[in-house]
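*Asks:* Please find one structure pasted underneath; my questions will follow.
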């Protein structure tokens, strides 16, 4: 008898704006998810307080505990983020800082899509951060999409066939790794 337990993909948008290009990419991937996968987009990034090592103890803030638990329970993680001021969006970096001591990312199959005007700096920095927290990612599960707005229509649909194919490939590589 086959198990009816679905695989869990935890999707983290780096942008807090619900209509962002990054949210639209995650919504696109959600629609591509096979029936055997529960694809959950995290929409509570703004609730995570500023990282304070003094509060990273046996009873961290509730939103931090919930974030860590969602990561730990997932079979795979996908982060889709813009670049802000040539770096990682502050709230995303803050949330990732809270995972250092928990080890919740350790060995976790992870995909990273950086979709922005440029994106090179945030992408490079996030690869370093994800390496530091021991996320399991590879060249096959990372993608930099520069000038994302020129590859989407006003409704947030991906209009560039090459970009769409690359996004699908990264997602399929993540699915194959779990």
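The values are calculated or read from the model by the stated rules, or taken from the named source; none is laboratory data. A quick note: this is a predicted structure, and the numbers were derived from the prediction, not measured. All Cβ positions, glycine included, derive from the backbone under ideal geometry; neighbour counts span all protein chains shown.
*Asks:* Tell me, yes or no, whether segment 132-151 has at least one residue that is over 19 Å from residue 9 (Cα atoms), assigned to a strand (DSSP E or B), modelled with pLDDT of 95 or more and in contact with a strand residue (DSSP E or B) (Cβ under 6 Å, 6 or more places away or on another chain).
*Replies:* The answer is yes, given that some residue of segment 132-151 is over 19 Å from residue 9 (Cα atoms), assigned to a strand (DSSP E or B), modelled with pLDDT of 95 or more and in contact with a strand residue (DSSP E or B) (Cβ under 6 Å, 6 or more places away or on another chain).
*Asks:* Further, regarding this structure: Determine which member of the set 31, 66 is surrounded by fewer than 21 Cβ atoms within 10 Å (Cβ to Cβ), free of Cβ contacts under 8 Å to residues at least 40 places away in the same chain and under 20 Å from residue 157 (Cβ atoms).
*Replies:* After applying the criteria, what remains is 31.
*Asks:* Next up: Exactly one of (1) more than 22 Å from residue 126 (Cα to Cα); (2) within 13 Å of the chain's Cα centre (by Cα) is unmet by residue 29. Its number?
*Replies:* (1)
*Asks:* Can I ask one more? Within segment 101-115, how many residues turn out to be farther than 22 Å from residue 178 by Cα and at pLDDT 95 or above?
*Replies:* 1
*Asks:* Among (1) closer than 20 Å to residue 163 by Cβ; (2) modelled with pLDDT of 95 or more, there is one condition residue 118 misses while meeting the rest; what is its number?
*Replies:* (2)
*Asks:* Also, quick follow-up: Among the residues that make up segment 75-87, is at least one of them surrounded by fewer than 18 Cβ atoms within 10 Å (Cβ to Cβ), more than 17 Å from residue 19 (Cα to Cα) and under 15 Å from the mean Cα position of the chain (by Cα)?
*Replies:* No, that holds for no residue.
*Asks:* Could you count how many residues in segment 104-131 are surrounded by fewer than 18 Cβ atoms within 10 Å (Cβ to Cβ), in a loop (DSSP other than H, G, I, E, B) and touching a strand residue (DSSP E or B) at 6+ places or on another chain (Cβ under 8 Å)?
*Replies:* Number satisfying all stated conditions: 3.
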